[in-house]
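The next block holds one structure in the form of structure tokens; read it before the comments.
The values are calculated or read from the model by the stated rules, or taken from the named source; none is laboratory data. This one's a predicted model, so the numbers in the text were calculated from it and none came from an experiment. Positions of Cβ are generated from backbone atoms using ideal geometry, with glycine treated the same way; all protein chains shown enter the neighbour counts.
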Amino acid sequence: MDLAILHGIQNTIGCDFLDMVMPAITMLGEKGAIWLIAGIVLICMKRYRRWGITLICGVALVWVVGDHIIKPLVARPRPFVVDPSLLPLLVEAPTDFSFPSGHTSASFAAATVLLFSNVKKPWKVLGLVVAILIAFSRLYVCVHNPTDVLAGLVLGVAAGIIVSLVSNALAQRYGWGEPAAVPQGKHSR
């Protein structure tokens, strides 16, 4: 089923234009770089600092769980290894295992954190659109099976929710990232 979907993508929408665009989109997600840059930009703005840290924590969480725990346990080969008719690739062939998609999990962890955050709605939408495009690009360039991408999406959303809930709990308990409350009592002025 996975390979049939990949061949279907190539046979129905494969074209010179997308052959140029999709590798560029896939590169946005390389090593989670676009999301780490987004996190650093948010950290540089006091109003969004907590969410920048949270975003980076989400990307780090999926990297540890996805790339260092799940991938070696599942040890699923890349689709182009299973079906050489998918070659030549439009990108350099990854050498690690396929399941789950690290690009997708990092992208959806970041997009989920942005959805929880206090950033303006257009940035939330942009984050989600970029995550979807990166996930689809992994299918288009034939380096992941659809189930790899689906698992990456689930892992990313779960990680994004977890780190966002932890961030909210810390903010409520310790005032992390929020203006400090003026204490009432004998020490207040």
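Observations on the model:
- Every residue from region 56-86 that is closer than 11 Å to V143 by Cβ and either of a type in the set (G, A, S) or in contact with a helix residue (DSSP H, G or I) (Cβ under 8 Å, 6 or more places away or on another chain) (or both): P79, F80, L86
- Residues of region 117-128 that turn out to be surrounded by 19 or more Cβ atoms within 10 Å (Cβ to Cβ) and of a type in the set (S, T, N, Q), as a count: 1
- V166 being surrounded by 12 or more Cβ atoms within 10 Å (Cβ to Cβ), farther than 18 Å from A33 by Cβ and modelled with pLDDT of 95 or more: no
- Residues in region 117-143 that are in a loop (DSSP other than H, G, I, E, B) and in contact (Cβ under 8 Å) with a residue 60 or more places away in the chain: S117, N118, V119, V141, C142, V143.
- L114 being part of a helix (DSSP H, G or I) and either among the acidic types (D, E) or surrounded by fewer than 24 Cβ atoms within 10 Å (Cβ to Cβ) (or both): no
- Test for T95: is it modelled with pLDDT of 90 or more, of a type in the set (V, I, T) and out of contact with any helix residue (DSSP H, G or I) (no Cβ under 7 Å at 6 or more places or on another chain): yes
- Neighbours by Cβ (under 7 Å, 6+ apart or cross-chain): first from region 160-174, part of a helix (DSSP H, G or I); second modelled with pLDDT of 90 or more and of a type in the set (D, E, K, R): S167/R50; A171/R50
- Residue match in region 129-143 (condition: under 18 Å from V64 (Cα atoms), among the hydrophobic types (A, V, I, L, M, F, W, C), modelled with pLDDT of 95 or more and buried (at least 17 other Cβ atoms within 10 Å of the Cβ)): no
- The set of residues in region 22-42 being of a type in the set (V, I, T) and surrounded by fewer than 17 Cβ atoms within 10 Å (Cβ to Cβ) consists of I37, I40, V41.
- Any hit, region 73-87, residues being surrounded by fewer than 13 Cβ atoms within 10 Å (Cβ to Cβ), among the β-branched types (V, I, T) and at pLDDT below 95: no
- R49 meets each of the listed conditions (1) among the charged types (D, E, K, R); (2) at pLDDT below 95; (3) farther than 21 Å from L115 by Cβ; (4) touching a Gly at 6+ places or on another chain (Cβ under 9 Å) apart from (3).
- I13 vs. criteria under 13 Å from the mean Cα position of the chain (by Cα) and exposed (fewer than 13 other Cβ atoms within 10 Å of the Cβ): no
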